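Trainee: Mind having a look at this structure? Questions to follow.
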Amino acid sequence: QVQLVESGGGLVQAGGSLRLSCAASGSFFSINGMGWYRQAPGKQRELVATITSGGTTNYADSVKGRFTISRDNAKNTVYLQMNGLKPEDTAVYYCNADLKLGSWSRLYNYWGQGTQVTVSS
């Protein structure tokens, strides 16, 4: 059973920083792309940042220059360093990853359970 487990959310004042982590566990062959998405109350889930297995990154315009996505392939973990947080960053943040369960398999997409980030003004 593959799981993505997030940690690092919490309450922070505007201008502060948080670091989210997401570790993949279970039985799988490899991890391709990984990413972070967020969903604020009453809004649709939106992309925050993605990173390929080779380290190529992509960011939503709203977080460029403030957030940094990275990954440690040896630990099957993706990180999101969030600096200069704003109240509008308040949301549940979800980890996402494409995994191959075997060398022969197609990619399967997985989501974490989400972690709350609240930024007070």
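The values are calculated or read from the model by the stated rules, or taken from the named source; none is laboratory data. Just so you know, these numbers come straight off a predicted model, no measurement behind them. Backbone-built Cβ (ideal geometry, glycine too); neighbour counts: all protein chains shown. These area figures cover heavy atoms from the full protein model, side chains too; ligands, DNA and RNA do not enter into them. Shrake-Rupley method; radii C 1.70, N 1.55, O 1.52, S 1.80 Å.
Trainee: Under a plain spin-label model, where a point goes 7 Å from the Cα along Cα-to-Cβ, how far apart in nm are residue 101 and residue 39?
Mentor: With each label placed 7 Å out from Cα toward Cβ, I get 2.3 nm.
Trainee: Would you count, across the chain, every pair of lysines whose alpha carbons are under 27 angstrom apart, provided the pair is eight or more residues apart or spans two chains?
Mentor: 5
Trainee: Same structure, new question: Quick check on the chain: what are the equivalent-ellipsoid semi-axes from the Cα gyration tensor, as sqrt(5λ), descending, whole Å?
Mentor: Semi-axis lengths for the chain are 26, 14, 12 Å.
Trainee: Across region 77-92, in residue order, what do the Karplus-derived ³J(HN,Hα) couplings come to in whole Hz, using 6.51 cos²θ - 1.76 cosθ + 1.60 with θ = phi - 60° and x for Gly and Pro?
Mentor: My calculation for region 77-92 gives 10, 10, 10, 9, 8, 10, 10, x, 5, 10, x, 6, 7, 4, 4, 8 Hz in order.
Trainee: A further question on this structure: How much accessible area per residue does the chain have, counting only protein heavy atoms and a probe of 1.4 Å, in square angstrom?
Mentor: Per residue, the chain has 53 Å² of solvent-accessible surface.
Trainee: Considering only protein heavy atoms and a 1.4 Å probe, what is the carbon-and-sulfur percentage of the accessible area of the chain?
Mentor: 47
Trainee: Place the peptides 52-58, 23-29 in order of packing, highest mean first, counting for every residue the other Cβ atoms within 10 Å and averaging per peptide.
Mentor: 23-29, 52-58
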